[in-house]
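Each remark here refers to the structure printed beneath this line.
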Amino acid sequence: MTGVGADGGSPTIRPFDVRESDLGVQFTAFIDEHRQHLLGSLDDLSEDEARRSLVPSRTRPLSLLKHAVFVETVWFGEAVTGRSRVDYGLPQDSKDSFLLDSSDTIASVSADFRAAVERSHAAIEGMGLDTVLTGHRAGPMPLKWVLLHVLRELAQHCGHADILREQILAERGRRSGWSGAAP
């Protein structure tokens, strides 16, 4: 299975374009569309805005993308290769993958995400949907389940990112005189 990278540009393969393709191609197109959407949620945000905490959890625009690096690496690294999270430099607990440190910037986390996506594509290249991945600590699972899980994760976090971005842009607009009322 090959797909488009999360390069922030328009996808070359859109889900609607592959509706007659095999299921593996469809999965990849949907996942890549969500990857691009999550990456694009940081477009035109300042570093401060990307780190803004608007909810009690660790969920921030930039932390969502950092967590997506974790997701990519666990499901297309650990699950495929059997290498531990520690070997990949990942936290043991997924909740800790939302933590930002002082070196995390939009550019650095975006680059990490793009690299993780490239590794993900390479890791499953040529695998069939029924290929059983044995490296995850939860036990063996077919690639199709992993793809569905990653799609679910990305879709959920894209929704989070949309809401946070909307709040940030609304606050920015209010500071510049926008009333918040629809025209």
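For this structure, a couple of remarks:
- G126 passes every criterion in (1) in contact (Cβ under 8 Å) with a residue 24 or more places away in the chain; (2) on the phi < 0 side of the Ramachandran plot apart from (2).
- Filter result for G5 (open to solvent by 10 Å² or more (accessible area, probe 1.4 Å), within 18 Å of V150 (Cβ to Cβ), small (G, A, S) and modelled with pLDDT under 95): yes
- For the stretch 36-46, filtering for residues that are within 17 Å of T59 (Cα to Cα) and within 11 Å of the chain's Cα centre (by Cα) leaves 5.
- Residue within the stretch 157-164 that is open to solvent by less than 40 Å² (accessible area, probe 1.4 Å), free of Cβ contacts under 8 Å to residues at least 24 places away in the same chain and assigned to a helix (DSSP H, G or I) present: yes
Every residue, every condition in (1) among the β-branched types (V, I, T); (2) touching a residue at least 60 places away in the same chain (Cβ under 8 Å), yes or no:
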site	(1), (2)
T73	yes, no
E78	no, no
T81	yes, no
Q92	no, no
D101	no, no
I106	yes, yes
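Yes/no matrix, rows are residues, columns are (1) under 16 Å from the mean Cα position of the chain (by Cα); (2) closer than 30 Å to P56 by Cβ:
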position: V80; (1), (2): no, no
position: Y88; (1), (2): no, yes
position: D101; (1), (2): no, yes
position: A138; (1), (2): no, yes
position: L143; (1), (2): no, no
position: R152; (1), (2): yes, yes
position: A170; (1), (2): no, yes
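- Within the stretch 79-97, the set of residues being crowded, with 18+ Cβ neighbours inside 10 Å and either of a type in the set (A, V, I, L, M) or modelled with pLDDT of 95 or more (or both) comprises A79, V80, L90, S97.
- Count of the stretch 54-64 residues which are buried (at least 21 other Cβ atoms within 10 Å of the Cβ) and farther than 12 Å from R165 by Cβ: 1
- Failed item, numbered, when D43 is tested on (1) in a loop (DSSP other than H, G, I, E, B); (2) in contact with a helix residue (DSSP H, G or I) (Cβ under 8 Å, 6 or more places away or on another chain): (2)
- Top-ranked residue in the stretch 104-124 [being in contact with a Leu (Cβ under 8 Å, 6 or more places away or on another chain), not aromatic (F, W, Y) and not in a loop (DSSP other than H, G, I, E, B); ranked as most open to solvent (accessible area, probe 1.4 Å)]: R114
- Scanning the stretch 76-103 for residues that are among the β-branched types (V, I, T) and either in contact with a strand residue (DSSP E or B) (Cβ under 7 Å, 6 or more places away or on another chain) or part of a helix (DSSP H, G or I) (or both) yields V80, T81.
- Filter result for H136 (of a type outside the set (A, V, I, L, M, F, W, C), modelled with pLDDT under 95 and surrounded by fewer than 19 Cβ atoms within 10 Å (Cβ to Cβ)): yes
- Selection over the stretch 107-123 of residues that are aliphatic (A, V, I, L, M), out of contact with any Ser or Thr (no Cβ under 8 Å at 6 or more places or on another chain) and over 22 Å from D93 (Cα atoms) gives a count of 3.
The values are calculated or read from the model by the stated rules, or taken from the named source; none is laboratory data. Keep in mind the model is a prediction, meaning the values are calculated, not measured. Backbone-built Cβ (ideal geometry, glycine too); neighbour counts: all protein chains shown. In case anyone asks, the SASA skips ligands and DNA or RNA and just uses the protein heavy atoms, side chains included. Shrake-Rupley method; radii C 1.70, N 1.55, O 1.52, S 1.80 Å.
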